[in-house]
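Have a look at the structure below, then the notes.
The values are calculated or read from the model by the stated rules, or taken from the named source; none is laboratory data. Fair warning: this is a prediction, and the values are worked out from it, not measured in the lab. No Cβ is skipped: glycine too gets one built from the backbone with ideal geometry, and neighbour counts run over all protein chains shown. Side chains are part of the model used for accessible areas, which takes the heavy atoms of the whole protein and leaves out ligands, DNA and RNA. Shrake-Rupley method; radii C 1.70, N 1.55, O 1.52, S 1.80 Å.
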Amino acid sequence: MSNKIDIDGDNADKNYGAMSTLAQVCATIAQSFLLVGLGMELTMSTIVIQDLYNNPKSEFSLTTDQVSWYGSILFVFHPTGSFLSGFLQERFGRKRCMVLANVPSIFGWIMLYYTHSVVSLYASTVLMGLSIGFSEAPILSYVGEITEPRHRGTMASLASTAGMIGMLLIYILGYFFEWRTVALLSTLCPITCICLVVLIPESPLWLIANGKHEKAKKSLCWLRGWVKPEMVKTELLELIRYNEVSGARNCKVNVEKNNISSKLAQLMDPSVYRPFRLVMIVFFISYIVCLLPSKPYFSQIMNEVGLSEDRSLLFVIFAVLQIIGCIILVLSVKHLGKRFLAVMSVSINTILLILFGLYIMALKNGYTESTPWIPTMILSGISLFGTSISTLPWMLVSEIFPNKSRGVAAGSCAALSYLLMFILTKSYLIVEINLTLEYTMLLFGGIGIFGLVYLYFYLPETEKKTLLEIEEYFK
C-alpha cells in the first residue's frame, strides 16, 4: 500500500440500499437529540438576559458584568466535560457516554427553573456546560464511525442541523412563554434523548478496537439496514484492517499506553496535530463570521441598529433561516463538497459583516436615516449563509482524526473550541466598548478575509473519502 492516498481522487463506495440509509438516519437522529439540547442550552442565555438585564421589575436583575459572565460561563465548563469525555468514551464507549451526558443537563434545566439568585443561575449554567462538553466527543466520533463515506457529510450536517433546531425551539418557546416555563419544558429534550440512544447500537469501530468483533458485526448489521451478517462481512474485515493500520489493534495497547500522558502524547503525531491545527483555525473563523461571540448580547445590538421592536419574533426568523441553511447544506454537501460550501459561506458572510459595519457607521454619522430592513436583511443573510462554515469544523472533527486518537483528539478539540468561544464571548463587550459596534463588525469582516484565504489554500475536500484516505492524507 502506498504511504499516501490521493484525497481528491474518486473512491469506490458500496451501496447497501435505502434501508441502510434509513438505519444510519435513525441512529444519527437519536444521538442528535444531544445536539438539540446543545442548541437550546447555548441559546437560553439570550432569553434570560433579555428579561433580567437591568430589569428592576424582575425578582432579581443582572448587571452588565453579570451579563458578561452569564453569557460566557457556559463555555468555561465545556472544556472540562469535553476533555474528560475524550478519555472516558475510549473506555466505556460512545453510547454509554451519550446517555450519561444527559444527566447534568436535566438537573441544569430544573435548577434554572427554580433559580432565584445570580449564584444559582450560574450553577445551572455550569451543569449545562458540563453536559454539553461531556457529549461532544462521543457525538463527533459516533457519526464519523457509523456512516458510509457517501453519507458521512450528509449525516454530519444532519446532526449539526439538530443544534439549529434546538436554538429555534428556545426562541419559539421564549416568544410564547416566560423563561422559567421555557426551562421546565426544556427538560423533555435530555429525557427523550436517553430513551432514544439506548435503542441504537454501539460504534462498530469502538467494539472492534476493544476486541468485541461479534458485537461489532451485530452493530454493523443494524447500521446497514438490519441485514444478515454475510452482507457486512467485507466491510467488517475492512474496519478490522483499518483498526490495525491506525494502530488501535486489540490487546496491543498496554497499560503504559493507556495512561493520560501517553494519550496526550498522541496529539503530537503529525496525523493528529495537522488536522487539529486546521480544525481550530476553522473554529475561530466560523465563530467570528457567524457573530457567535455576540449572541448573548444580540438584544442590545438590535436596539442599537433600530430593531428593538419584535425582537423575539426576529430571533425566531433568524433561527428558521439557520434551519433552512442546514437543510440546503444537507441536500447539497454530497454534490458540492464541504470545501466549496465553506469558501462560499465565508465569502458571503464577510461581505455582509463589512456592509453591516458601514451601515452602522453611516447611521451614526447622519449619512442615512434608520432603515430597519437593511440590518434585518444583513443579519438574516448571516444566519442563512453562515450555516455551512459554522457546521464545517464539527463535520471535520468527526472524520479527520485517526482511529487510535479519535476519542482524545475529538474531546481535546471540542474542549479547546469552547475555551476559545469563552474567550471570544467574554471579551466581546470589551472589544465593542473600545472599538464601538461598527468597527467591531469591520474587524470581524477583516478576520473573514483572512479566513477566506486560509480555507482556499489549506482546506482539503474530505467528502466521499474513506477514513483511511483522510488519515493518510494528513500523514
* Of residues in the stretch 175-193 being open to solvent by 80 Å² or more (accessible area, probe 1.4 Å) and not aliphatic (A, V, I, L, M), the one nearest to Asp51 (Cα to Cα) -> Glu178
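Check the stretch 226-234 and report whether any residue there is modelled with pLDDT of 85 or more and open to solvent by less than 60 Å² (accessible area, probe 1.4 Å).
yes
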* **Residue count for the stretch 308-351, restricted to those that are open to solvent by 10 Å² or more (accessible area, probe 1.4 Å) and not in a helix (DSSP H, G or I)** => 3
* Asked: Is at least one residue of the stretch 164-181 of a type in the set (Asp, Glu) and free of Cβ contacts under 8 Å to residues at least 60 places away in the same chain?
  -> no
* To do: Kindly indicate whether Asn365 is open to solvent by 50 Å² or more (accessible area, probe 1.4 Å) and either touching a Pro at 6+ places or on another chain (Cβ under 8 Å) or among the polar types (S, T, N, Q) (or both).
  => yes
* Asked: In this structure, does Thr466 turn out to be touching an Asp or Glu at 6+ places or on another chain (Cβ under 7 Å), of a type outside the set (A, V, I, L, M, F, W, C) and open to solvent by less than 50 Å² (accessible area, probe 1.4 Å)?
  -> no
* **The one condition in (1) more than 22 Å from Ser398 (Cα to Cα); (2) at pLDDT 90 or above; (3) surrounded by fewer than 22 Cβ atoms within 10 Å (Cβ to Cβ) that Leu196 fails to fulfil** => (1)
* Only one of Leu379, Leu429, Leu437, Leu355 is without any contact (Cβ under 8 Å) to a residue 60 or more places away in the chain, surrounded by fewer than 24 Cβ atoms within 10 Å (Cβ to Cβ) and touching a helix residue (DSSP H, G or I) at 6+ places or on another chain (Cβ under 8 Å); which? -> Leu355
* List every residue pair whose Cβ atoms sit under 7 Å apart, with the two residues 6 or more apart in sequence or on different chains, where the first one lies in the stretch 189-214 and is on the phi < 0 side of the Ramachandran plot and the second, anywhere, is not in a helix (DSSP H, G or I). => Glu202/Gly93; Trp206/Gly93; Ala209/Ala248; Ala209/Asn250; Asn210/Asn250
* Pro201 fails exactly one of the following numbered conditions: (1) open to solvent by 10 Å² or more (accessible area, probe 1.4 Å); (2) over 22 Å from Gly411 (Cβ atoms); (3) of a type outside the set (Asp, Glu). What is the number of that condition? -> (2)
